[in-house]
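Down below is the structure, laid out as structure tokens.
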Amino acid sequence: MTSMVTRDTSVEAKKYPLAMRVVHWLRALIIFGMIWAGLTMVAMNDNVPAKFELFYPYHKSFGILVFLLAVTQLILRTKGGVPPPSTILTPSEIVLSRWLHRALYALMFAVPLVGYARSSTYSQSDGVYFFGVTLPELLPKDDHVSAMLQTTHKYLAYALLAVVVIHVLAALKHRLLDRGKGDDPLSRML
């Protein structure tokens, strides 16, 4: 006697849980805003008050928020699981997707933590604020260490931007070019 296993193949069964989708899109929006704000604030002249009164404090706050959302997303993935890989992906694309997501998570942790450490070590910084709450500094003041952390933060942020661009392009490729071949990965996150 053969037993039949029934699988729910509906569109909803293939989607990520709602909480994960909300966190994903909120985090994506914040990351794009952070990249814009980071590029804008470093290009500003130091005598522009908004640079230090608006851009830097909110860049730090949203950076901590990205970190917290990445932690939240990992908890949601662990507790709720994720749907199986899209049927549209080839085996090599599944492997690449897994590595790309690992890189995204690593960078979503590393970029804010290095930025936080950089701010902690910079002698001219009066701390890291999280939307008005002063957070403890991670390391002692040391401008030499701060300069190294600033460079590291910058290159990690560019790496995050590159990985995000690859992620978006892959999603668009599957959505537009692989249409009709199976369940497209983007629809699972909408």
Exercise for the section: Identify all residues within the range 47-70 that are in a helix (DSSP H, G or I), of a type in the set (A, V, I, L, M, F, W, C), farther than 17 Å from GLY127 by Cβ and free of Cβ contacts under 8 Å to residues at least 12 places away in the same chain; write none if there are none. Expected result: ALA50, LEU68
Handout entry: Test result for ASP183, touching a Ser or Thr at 6+ places or on another chain (Cβ under 9 Å), surrounded by 15 or more Cβ atoms within 10 Å (Cβ to Cβ) and acidic (Asp, Glu)
Key = yes
Fill in the blank from the handout: Only unsatisfied item for LEU89, checking (1) under 14 Å from the mean Cα position of the chain (by Cα); (2) over 30 Å from ALA147 (Cα atoms); (3) surrounded by 20 or more Cβ atoms within 10 Å (Cβ to Cβ), is (1)
Problem - Subset of the range 148-190 (residues that are of a type in the set (D, E, K, R), part of a helix (DSSP H, G or I) and free of Cβ contacts under 8 Å to residues at least 40 places away in the same chain) - result: LYS154, LYS173, ARG175
Exercise for the section: Give LEU96, LEU139 a once-over and let me know the one that is within 17 Å of ILE64 (Cα to Cα) and either assigned to a helix (DSSP H, G or I) or not acidic (Asp, Glu) (or both). Expected result: LEU139
Exercise for the section: Name the residue, out of ARG175, ARG118, that is within 30 Å of VAL82 (Cβ to Cβ), of a type in the set (D, E, K, R) and either modelled with pLDDT under 95 or surrounded by 18 or more Cβ atoms within 10 Å (Cβ to Cβ) (or both). Expected result: ARG175
Practice task
Could you tell me which of the residues SER97, SER123 is among the polar types (S, T, N, Q), out of contact with any strand residue (DSSP E or B) (no Cβ under 6 Å at 6 or more places or on another chain), loosely packed, with under 13 Cβ neighbours inside 10 Å and modelled with pLDDT of 90 or more?
Solution key: SER123
Problem - Condition check for SER86: part of a helix (DSSP H, G or I), among the hydroxyl-bearing types (Ser, Thr, Tyr) and at negative phi - result: no
Practice task
Look at VAL145 and say whether it is within 23 Å of the chain's Cα centre (by Cα) and either part of a helix (DSSP H, G or I) or surrounded by 15 or more Cβ atoms within 10 Å (Cβ to Cβ) (or both).
Solution key: no
Problem - For ILE30: the one exception among (1) over 27 Å from TYR158 (Cβ atoms); (2) surrounded by 15 or more Cβ atoms within 10 Å (Cβ to Cβ); (3) modelled with pLDDT of 90 or more - result: (1)
Exercise for the section: Return the residue satisfying two criteria in turn: it lies in the range 29-65 and is touching a helix residue (DSSP H, G or I) at 6+ places or on another chain (Cβ under 9 Å) and of a type in the set (D, E, K, R), and of such residues it is farthest from TYR105 (Cα to Cα). Expected result: ASP46
Practice task
May I ask you to list pairs of residues, at least six apart or on different chains, whose Cβ atoms are under 9 Å apart, with the first in the range 85-111 being more than 10 Å from VAL163 (Cβ to Cβ) and the second being in a helix (DSSP H, G or I) and acidic (Asp, Glu)?
Solution key: PRO85/GLU93; SER86/GLU93
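The values are calculated or read from the model by the stated rules, or taken from the named source; none is laboratory data. Predicted, not measured: the structure shown is a model, and the values here were computed from it. Cβ coordinates were reconstructed from backbone atoms using ideal geometry, including for glycine residues, and neighbour counts include every protein chain displayed.
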